[in-house]
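As structure tokens, the structure follows; a few thoughts come after it.
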Amino acid sequence: MASTPRDRFGQFAVAFRGYNTANLGRCTELLAHPRFGPTLERYLRDAGEIASDTMGQRVDLLARVKANLETDLDSYHEAIALIVAASLAQLEILEEFYDVQYRRARLVFGYSLGELTALIASGVFEMQHALRLPLAIARDCVALAENVTMGVLFSRGPILDFDDVKRLCLRISSEGAGVIGISSFLAPNTVLLLGQNHTIDRFSELMHDVFPKRVYLRKNHDKWPPVHTPLVWQRNIPNRLGVMAHTLPGGFTKPHPPVFSLVSGKANYNDFNARDLLLQWVDHPQRLWDAVYETLACGAETVIHIGPGPNLVPATFNRLRDNVQAQLTGNSLNKLGLRAMARAVRRPWLTAVLPSRTALLRAPAVEQVILEDWLLEQPIPTTKQIVVPSMNGSLGAQGETAAAGEGDATGSS
């Protein structure tokens, strides 16, 4: 049995979550924690001040978390600030109280907003500067979301031909009834689509003439800010971010540990290209599958999922684990029966990629840890292991090398 958290996690990778329809997670419990609460409170206050200044209206993240009040589309800007603040706070707590050093990560990536958080954590930008970028476009993203629907396109047969998906999206957009585009490549058999008006329905009408059988489209009826798609062009969002990026402080430090970009599908951030990749981030689809494979290929034994209530990325890893386990069972000659053969037949896309992507076979052996759950499961620590600089641009927890105070982080309500 592992004697320390560092031993317990072994070789690890880190995944930062992005925006979703639920963004509070277990922040209220962490804020009430006698040890972890002060760190989270500091980040929430700082991020709230940044959001207030950027949005020109009061943003009180601390009050929202104390009240356990979930965000919605109208409070999208608060969700952005909350996710970044809570993620950085969790990371600092893990380092200070358990001596699990972020810089030791074998691989780091962030889905959507999480990529910006990863760049802050890896020292490329400070939160007080970088957080202003997504906040500055938040209102326009909400306005665009009013008529945007998500569709999950997936195959239970062969690998999806992504060029065919792009081609059909362009064809539908050219009809003039709204724009539709790919927002994320989740797996070789799954993509997320975001479309205006009835373009998702139109895609559903035409797809059966384009794709083979056993390709399906499932609609999500929530409203989604259409980042990572060409829909943001309608408000000139990429150009406006580019103008802001000219005077953005920082961006001249190579990330440490390296950040795998879901824009490029590579760990190719250097000491000067962060601005270019962030500008592509806003209208280019997320290459999540590339990050998933690279995580398995890098030898990580554990993936630590950071942020409030991470969902999509852990679910992707878990679904892959289940598919690989079933495929291996189905391919076992000793156990090959009708049920096993049926399982293998249901995953021809996985059968196709396994020969060239053998690291996928590691999926069942890699543990997925939701950090906020793990932190709240631990006995209350009596001391801090180390003192680390705050990732929000100020030095936090100065001088606390021994036991910290026992006061309730939330104060009086």
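Taking PHE9, is it touching a residue at least 60 places away in the same chain (Cβ under 8 Å) and touching a strand residue (DSSP E or B) at 6+ places or on another chain (Cβ under 9 Å)? When the stated conditions are applied, PHE9 passes them. Contact map, the stretch 257-285: first residue without any contact (Cβ under 8 Å) to a residue 24 or more places away in the chain and more than 16 Å from ALA297 (Cβ to Cβ), second residue polar (S, T, N, Q) and in a loop (DSSP other than H, G, I, E, B), Cβ cut-off under 9 Å, separation 6 or more or different chains; pairs are ASP271/THR253; LEU277/SER264; LEU277/ASN268; GLN280/SER264.
Within the stretch 35-48, can one find any residue that is assigned to a loop (DSSP other than H, G, I, E, B) and over 17 Å from the mean Cα position of the chain (by Cα)?
yes
Residues in the stretch 222-243 that are surrounded by 15 or more Cβ atoms within 10 Å (Cβ to Cβ), aliphatic (A, V, I, L, M) and outside any loop (DSSP other than H, G, I, E, B): 4 in all.
The conditions of being touching a helix residue (DSSP H, G or I) at 6+ places or on another chain (Cβ under 8 Å), at pLDDT 95 or above, in a strand (DSSP E or B) and more than 16 Å from GLN286 (Cβ to Cβ) are met by LEU217.
Can you work out which of the residues in the stretch 1-46 that are of a type in the set (A, V, I, L, M, F, W, C) and surrounded by fewer than 21 Cβ atoms within 10 Å (Cβ to Cβ) is modelled with the lowest pLDDT? Within the stretch 1-46, the match that is modelled with the lowest pLDDT is MET1. Could you check, for the stretch 190-203, whether at least one of its residues is at pLDDT 95 or above, over 28 Å from LEU278 (Cβ atoms) and aromatic (Phe, Trp, Tyr)? Yes, because at least one residue in the stretch 190-203 is at pLDDT 95 or above, over 28 Å from LEU278 (Cβ atoms) and aromatic (Phe, Trp, Tyr). With a requirement of 2 or more residues that are modelled with pLDDT of 75 or more, the helices (runs of 4 or more DSSP H) lying completely within the stretch 314-383 that satisfy it span 371-377. Is at least one residue of the stretch 92-103 under 18 Å from LYS384 (Cβ atoms), touching a Ser or Thr at 6+ places or on another chain (Cβ under 7 Å), buried (at least 22 other Cβ atoms within 10 Å of the Cβ) and not basic (Lys, Arg)? Yes, some residue in the stretch 92-103 is under 18 Å from LYS384 (Cβ atoms), touching a Ser or Thr at 6+ places or on another chain (Cβ under 7 Å), buried (at least 22 other Cβ atoms within 10 Å of the Cβ) and not basic (Lys, Arg).
The values are calculated or read from the model by the stated rules, or taken from the named source; none is laboratory data. These numbers come from a predicted model, not from an experiment. Cβ sites come from the backbone with ideal geometry, for glycine too, and all protein chains shown count toward neighbours.
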